[in-house]
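Data first, discussion second: the structure below is written as structure tokens.
The values are calculated or read from the model by the stated rules, or taken from the named source; none is laboratory data. Keep in mind that this is a model prediction, so the values were computed, not measured. So basically every Cβ, Gly included, is an ideal-geometry build from the backbone, and we count neighbours across all protein chains shown.
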Amino acid sequence: MDTVKQLVVKSGLVDVKYLNTPEGEMYLQIAVASVAVGIALALYLATAAKSEPKKILETPELTLSTTEAHAMLPTITDWHRMKLVDKTALSHNTNLYVFEIPRPTGHVKGIHPEPVLGLPIGQHISVSAEIDGKNIVRSYTPTTLDGEDPGRFHLLVKAYEQGNISRYLSLLTVGQEVKVKGPKGKFVYNRDLADHFLMIAGGTGITPMYQIIKASLADEEDKTQMRLIYANVNEDDILLRKELDDLQARSNGRFQVYYVLNNAPAGWTGGQGFITHEMIKSHMPAGGVGSKGKVLMCGPPPMMNAMKGHLDGLGYPKPNTISKLDDQVFLF
């Protein structure tokens, strides 16, 4: 206390006679307490300045593998913006769209593998767009498998005059984006799912079949037999024809395609008119309906309704309103 009294006297702020009174003693006590508080505060601030600031909310950092490609579609609730990088007309109303898969934060080209959709074989994606003030969503199956075109995926879409998303896509120019999410669907392919697939497709309904066929033939341990009946109006409407013919040629007999045309040209050796009961019967599994075979169908609703009638007449069970993986007749 004497040291504090000497400092106060030297400052000249208080008379020495006042400090020797009871009031002066109280003044000194208050001064000592104030100095102690100031020192404690200074020490606290100095310590806090040296320590790392605390994070109230910590966001886990994304760890990217240098061997495994990052999948961009982990859940059905995530929307991702995908940029159109190429667009090729395949017919008067059908385009092949190539979209770039966005690289995740931290991705280094040349070190990390290019990202993939992460879409199970047989499932599809949802594409969303705002049209006339309404949010419209449609489902499409990419024609590429993960990693087939590194960092990108392909969509094959036929534009209809009354179609919402298909027409929207047809008006897109390179550089524009669409919103995509997935995976979606009840069908997930694996090599032990069936001994034989009878596939019936019309128009762009070929896309899920094409994806499954490619995946199956790429698996050396897969022994599944696949027969495809593919219907279109005109010969020029046959989508992926070269690719399907190439797959058939190198399948060692595991895959066969039978084309059917409403308007068959002269010399046409495939099916003519609409797909018939007899056409389906000739491509059924050798063991018949009771064998371990599945029927997969995708195409325009009128065509699918007609196919249901043909299958029923052959003894196949009627497909459920919403198909499930264990159904013998699955409608995409």
Meets criteria (within 24 Å of the chain's Cα centre (by Cα) and not assigned by TED's automatic domain parsing to the domain that holds L311) for L240: no
Qualifying residues in segment 131-147 (those that are part of a strand (DSSP E or B) and not hydroxyl-bearing (S, T, Y)) - the one farthest from V85 (Cα to Cα): K134
Residue tally, condition at pLDDT 90 or above and either assigned to a strand (DSSP E or B) or within 12 Å of A215 (Cβ to Cβ) (or both), over segment 113-130: 11
Search result, residues across segment 314-332 that are over 20 Å from G287 (Cβ atoms), out of contact with any Asp or Glu (no Cβ under 9 Å at 6 or more places or on another chain) and either in a loop (DSSP other than H, G, I, E, B) or β-branched (V, I, T) (or both): T321, I322, S323, K324, L325, F332
All positions within segment 122-143 that are out of contact with any Lys or Arg (no Cβ under 7 Å at 6 or more places or on another chain) and surrounded by 19 or more Cβ atoms within 10 Å (Cβ to Cβ): G122, Y140, T141, P142, T143
Positions within segment 220-236 being among the basic types (K, R) and either surrounded by fewer than 15 Cβ atoms within 10 Å (Cβ to Cβ) or farther than 20 Å from G271 by Cα (or both), in sequence order: K223
Y259 being in a strand (DSSP E or B), modelled with pLDDT of 95 or more, under 16 Å from M199 (Cβ atoms) and touching a helix residue (DSSP H, G or I) at 6+ places or on another chain (Cβ under 7 Å): no
Qualifying positions in segment 237-275 - surrounded by 15 or more Cβ atoms within 10 Å (Cβ to Cβ) and closer than 22 Å to A89 by Cβ: D237, I238, L239, L240, R241, L244, Y259, L261
Exclusive hit being of a type outside the set (A, V, I, L, M, F, W, C) and without any contact (Cβ under 8 Å) to a residue 12 or more places away in the chain, set E161, E235: E161
L217 in the same structural domain as N262 (by TED's automatic domain parsing), surrounded by fewer than 21 Cβ atoms within 10 Å (Cβ to Cβ) and of a type outside the set (S, T, N, Q): yes
Tally, over segment 278-319, of residues that are charged (D, E, K, R), free of Cβ contacts under 8 Å to residues at least 40 places away in the same chain and over 13 Å from I229 (Cα atoms): 3
Test: M209 is under 30 Å from V127 (Cβ atoms), of a type outside the set (K, R), in contact with a Cys (Cβ under 7 Å, 6 or more places away or on another chain) and modelled with pLDDT of 95 or more: yes
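Matching residues to (1) within 25 Å of P301 (Cβ to Cβ); (2) aromatic (F, W, Y); (3) touching a residue at least 12 places away in the same chain (Cβ under 8 Å); (4) in a helix (DSSP H, G or I):
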residue	(1), (2), (3), (4)
D149	no, no, yes, no
S166	yes, no, yes, yes
V180	yes, no, yes, no
V188	yes, no, yes, no
Unmet criterion (only one of (1) aliphatic (A, V, I, L, M); (2) in contact (Cβ under 8 Å) with a residue 12 or more places away in the chain; (3) out of contact with any Lys or Arg (no Cβ under 8 Å at 6 or more places or on another chain)) for L171: (2)
Number of positions in segment 276-313 that are surrounded by 13 or more Cβ atoms within 10 Å (Cβ to Cβ), of a type in the set (S, T, N, Q) and assigned to a helix (DSSP H, G or I): 0
Segment 190-215: number of residues that are assigned to a helix (DSSP H, G or I) and touching a strand residue (DSSP E or B) at 6+ places or on another chain (Cβ under 7 Å): 8
Segment 76-103, subset basic (K, R) and in a strand (DSSP E or B), residue surrounded by the fewest Cβ atoms within 10 Å (Cβ to Cβ): R81
